[in-house]
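Right, one structure below, let's go through it.
What follows draws every value from the coordinates through simple rules; no lab data is involved. If you're wondering where the values come from, they're calculated on a predicted model, not measured in any experiment. With ideal geometry, Cβ positions are generated from the backbone for all residues, glycine too; neighbour counts draw on all protein chains shown.
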């Protein structure tokens with residue numbers, strides 16, 4: 001059986017993308033909608049506790065936000081911001097999803113997600129967006145305790161999904177991630193393809 005692994009952002013979802021010109025970011029209206037300076041949010045939360053702790057499963061998203069947001073001038077319900085984040089960061093790449101649906105109907109193909117996500121968004125994507133209708137499993141950073149392109153991420157995916165190396169295809173929008181998958185990493189991907197997320 002062929003296993004196909006799909007990245008999320010920049011592949012299955014129109015959002016943050018390795019190519020800046022293709023980005024459609026959930027936080028574009030963060031200042032207007034929540035009074036939170038977007039750049040300050042990135043520097044003080046995203047590139048701080050979010051990447052360093054939340055994404056790899058060491059800290060809860062809501063707890064980390066609750067600690068950070070008052071310093072950014074937001075004192076409203078944390079869940080309101082989380083809901084806003086999840087819904088605005090869920091613009092499905094419909095043309096690709098059409099291909100995913102066709103692949104999922106093939107009994108000789110198993111589809112999975114391999115992505116840098118924390119627990120809340122991983123569940124949201126599978127349950128609310130409905131990826132669980134097509135994907136058998138989601139291998140994500142908080143579950144694995146490592147971020148792509150760390151070799152540990154791929155080692156742990158392999159441990160959870162042991163299949164022959166010549167029966168896996170991996171799609172990612174990041175050249176850095178693709179370049180990291182060489183013979184030095186004990187991962188089973190034999191063919192690597194970058195899905196360039198062009199809209200339309």
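Listing for the model above:
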quantity: Difference of contour (0.36 nm per residue) and Cα-Cα distance, residue 106 to residue 46; calculated: 17.8 nm
quantity: Tilt relative to the chain, helix 151-160 - C-alpha long axis, 0 to 90 degrees, to 10; calculated: 60 degrees
quantity: Among 122, 64, 40, residue whose mean-square fluctuation peaks in a GNM of the chain (springs only between Cα atoms under 10 Å); calculated: 40
quantity: Computed P(r) (all Cα pairs; the stretch 27-88; 10 Å bins; percent); calculated: 22, 62, 15, 0
quantity: Ranking of 140, 84, 124 by count of other Cβ atoms within 10 Å, fewest first; calculated: 84, 124, 140
quantity: Order of 43, 174 - criterion: other Cβ atoms within 10 Å of each residue's Cβ, fewest first; calculated: 43, 174
quantity: Considering only the chain, percent of DSSP beta bridges that pair antiparallel, nearest 5; calculated: 10 percent
quantity: R0 of 35 Å, Cβ-Cβ distance residue 99-residue 33: FRET efficiency to nearest 0.05; calculated: 0.55
quantity: For q = 0.13 Å⁻¹, Debye-computed log10 I/I(0) when each Cα of the chain counts as one equal scatterer; calculated: -0.72
quantity: Order of 47, 34 under a 10 Å beta carbon neighbour criterion, fewest first; calculated: 47, 34
quantity: Full-extension gain in nm, residue 87 to residue 179, via 0.36 nm per residue minus C-alpha separation; calculated: 30.0 nm
quantity: Over the chain: helical MRE at 222 nm, DSSP H runs n ≥ 4 each giving -39500 (n - 2.57), nearest 500; calculated: -8000 deg cm²/dmol
